[in-house]
Amino acid sequence: MVVSLEKNTPHQVVIIGGGFGGLYTAKTLKKANVNITLIDKRNFHLFQPLLYQVATGTLSPGDISSPLRAVFSKSKNTQVLLGEVKDINPKAQQVILDDKVVHYDTLIVATGANHSYFGKDNWKDLAPGLKTVEDAIEMRRRIFGAFEAAENETDPEKRRAWLTFVIVGGGPTGVELAGAIAELAYKTLKEDFRSINTSETKILLLQGGDRILPHIAPELSEVAAESLQKLGAVIQTKTRVTNIENDIVTFKQNGEVKEIPSKTILWAAGVKASPMGQVLAERTGVECDHAGRVIVEPDLTVRDYKNIFVVGDLGNFSHQNGKPLPGVAPVATQQGEYVAKLIKRRLKGHTLPPFHYNDVGSLAMIGQNLAVVDLGLIKLQGFIAWVFWLLIHIYFLIEFDTKLLVVFQWAWNYITRNRRSRLITGREAFVEAKTNC
Ligand SMILES: Cc1cc2nc3c(=O)[nH]c(=O)nc-3n(C[C@H](O)[C@H](O)[C@H](O)COP(=O)(O)OP(=O)(O)OC[C@H]3O[C@@H](n4cnc5c(N)ncnc54)[C@H](O)[C@@H]3O)c2cc1C
């Protein structure tokens, strides 16, 4: 169906979310005859794939964030608004914030997803996840705080618990965290402590499925597992966490219940759509899947609302092979670009064929000189894959912001294993260990 748009007054496009989906929609529309309002509750775009490097002390939060105003300072048709959208009124074509209402002709909802604790929300404080800058700083506090606490601890059992890191979830984030903590413990921090031997650190990666990195080819997943094990991490597959309490992780493996005392438990499993999914469901009647993602039409619109689009992690697009597309940055960016092009076509009275995702492959970093890259026909591992990973991330990091200096610094720190951002900030880090002394 061709949807014609009013051409006389500039068409009002409202984008909720300045993540990958929202950003690419706005960028692709920057020369179009439309007025864009980009609303985000944060004043920066966050490059989430590198959050784990903030959590493990290689990068600082500013290195992986780009102020939205700076990104769009030259896009004269784009206004950035700082604010949290609370509601939508599709009949009146309004987006509702705490202190204002914004009218739209076309709405793009790109509010992403958060982590899910599978109904055990009380685990959130015990095993923090990684989604925001604050999460990364909290993880960094816990990781570096644990080594400090171990240095202060005299009881061997408690010291062991401080030096035991449990990571739940064997997807890319879990693997990258496990690899980075292994490098920290066995290489970077080796000479820095006097009472503890950081090489005694235990890193446990718990994965529900039968292999880590299940989204890449089995042979690469095997290479990743071998590389991680060589680095010193222990991988437990077919393992389900059943409880987290009193610094003890309980898990079930092959029917057997096991427990491991650990003071640092990190969550890298499960995804839950942002609450805007629920808002859309209530206001438009659209269906959501079990993870709260909005089930979108082939052109990424919401059923019965041709002027409301959902892009990125918030959407469930299952029109390609019957399965939802993965929650990764290329899906969000390609969907953002598609929606922008469709709006431009509609302004001319035309339309576009349904959205089609062009799978660009998957990659995961394991450690220095160690990565796996699955490009379909081409599969890379080891140093070549690591260089490829580095180049891709450098390309995306500098795309919105001139961060060349940061990138060079980062590359240098990486090569020399110099983790300069080891700040323990936020809540007090090793209160517990001090009282135990
Ligand atoms: C730790 C981590 C590592 C990852 N690693 C990779 C990787 O290596 N490769 C890869 O391809 N993908 C990776 N991803 C996934 C990738 O980051 C996401 O797929 C991508 O960010 C999705 O883009 P999005 O635009 O849908 O949502 P997001 O990028 O999450 O952006 C959502 C935006 O909406 C804003 N927002 C939310 N609610 C509201 C509201 N009510 N009002 C206003 N603003 C709101 C948020 O502030 C945010 O800016 C990773 C994700 C994480 C968390």
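Bear in mind that the values in this text are calculations on the coordinates, not laboratory data. Quick caveat: nothing in here was measured; it's all calculated off a predicted structure. Virtual Cβ from ideal backbone geometry, glycine too; neighbours counted across all protein chains shown.
Quick one: net charge around N77, please, counting Lys, Arg +1 and Asp, Glu -1 for every other residue with C-beta under 11 Å from its C-beta.
Details: positive: K30, K31, K74, K76; negative: none.
Once positives and negatives cancel, what remains is +4.
Take the Cα gyration tensor of the stretch 220-318, multiply each eigenvalue by 5, square-root it, and list the three semi-axes largest first, rounded to whole angstrom. Could the numbers behind the result be given before it?
On the way: eigenvalues 303, 65, 26 Å².
In descending order, the three semi-axes are 39, 18, 11 Å.
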task = Identify, among Y357, G171, A182, the residue whose Cα sits farthest towards the positive end of the charge dipole of the chain, taking +1 on the Cβ of Lys and Arg and -1 on the Cβ of Asp and Glu, with the dipole about the Cα centre.
result = Y357
query = Which ³J(HN,Hα) values, rounded to whole Hz and listed in residue order, are derived for the stretch 136-147 from phi using the Karplus coefficients 6.51, -1.76 and 1.60 in 6.51 cos²θ - 1.76 cosθ + 1.60 with θ = phi - 60°, glycine and proline given as x?
reply = 5, 5, 5, 5, 4, 4, 5, 5, 6, x, 5, 5
key: Antiparallel DSSP beta bridges within the chain, percent to nearest 5   = 50
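What area, in nm² and to one decimal, does the C-alpha convex hull of the stretch 321-389 cast on average over all directions? Don't skip to the end; give the middle numbers.
Working: hull surface 24.2 nm².
The number I arrive at for the stretch 321-389 is 6.1 nm².
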J(HN,Hα) series, the stretch 234-250, from Karplus relation 6.51 cos²θ - 1.76 cosθ + 1.60, nearest Hz, glycine and proline x = 10, 9, 10, 8, 6, 10, 10, 6, 10, 7, 9, 7, 6, 6, 10, 9, 9
query = How many nm separate the modelled label positions at H290 and L82, each set 7 Å beyond the Cα in the direction of the Cβ?
reply = 4.0
ask   = If the cut-off is a Cα-Cα distance under 19 Å, which lysines reach K190, setting aside same-chain residues fewer than 8 apart in sequence?
value = K202, K230
ask   = Using alpha-carbon positions, what is the distance between the centroids of the stretch 69-94 and the stretch 15-41, in Å?
value = 8
inquiry  = Checking the cross-link filter: which lysines have an alpha carbon closer than 21 Å to that of K272, excluding same-chain neighbours under 8 positions apart?
reply    = K41, K86, K120, K124, K131, K323
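May I ask for the Kirkwood hydrodynamic radius of the stretch 98-220, worked out over all distinct Cα pairs and given in angstroms to one decimal? Spell out each step's value before the answer.
Details: mean 1/r = 0.0581 Å⁻¹.
So the Kirkwood estimate lands at 17.2 Å.
What full-extension length gain, to one decimal in nm, is calculated for T351 and D155 as 0.36 nm per residue of separation minus the Cα-Cα distance?
Numbers: separation 196, 0.36 × 196 = 70.56 nm, distance 6.90 nm.
Working it through step by step, the gained length comes to 63.7 nm.
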ask   = Under unit Cβ charges (Lys, Arg +1; Asp, Glu -1), what dipole magnitude, rounded to 20 debye, does the stretch 275-433 have relative to its Cα centre?
value = 440
message = Between the stretch 187-260 and the stretch 266-323, how far is it from one alpha carbon centroid to the other, in angstrom?
response = 32
request  = Compute the projected area of the convex hull of the Cα atoms of the chain, averaged over all viewing directions, and report it in nm² to one decimal place.
outcome  = 21.8
key: Mean projected area in nm² (Cα convex hull; one quarter of hull surface) for the stretch 4-150   = 11.5
Dipole magnitude of the stretch 315-388, debye to nearest 20 (Cβ charges: Lys/Arg +1, Asp/Glu -1, about Cα centre) = 460
key: Efficiency of FRET from Cβ geometry, S75 and E226, R₀ 51 Å, rounded to 0.05   = 0.65
inquiry  = Cut-off under 21 Å on the C-alpha distance; same-chain residues fewer than 8 positions from K74 excluded. Which lysines are left, in chain and number order?
reply    = K27, K30, K31, K341, K344, K403
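Which FRET efficiency, nearest 0.05, do N33 and E134 yield, Cβ-Cβ r, R0 45 Å?
It comes to 0.70.
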S318-A281 FRET efficiency (beta carbon distance; Förster radius 22 Å; 0.05 resolution) = 0.85
inquiry  = Along the charge dipole of the chain, pointing to its positive end and built from +1/-1 on Cβ of Lys, Arg, Asp and Glu, which listed residue (Q278, Q53, V14) has its Cα farthest out?
reply    = V14
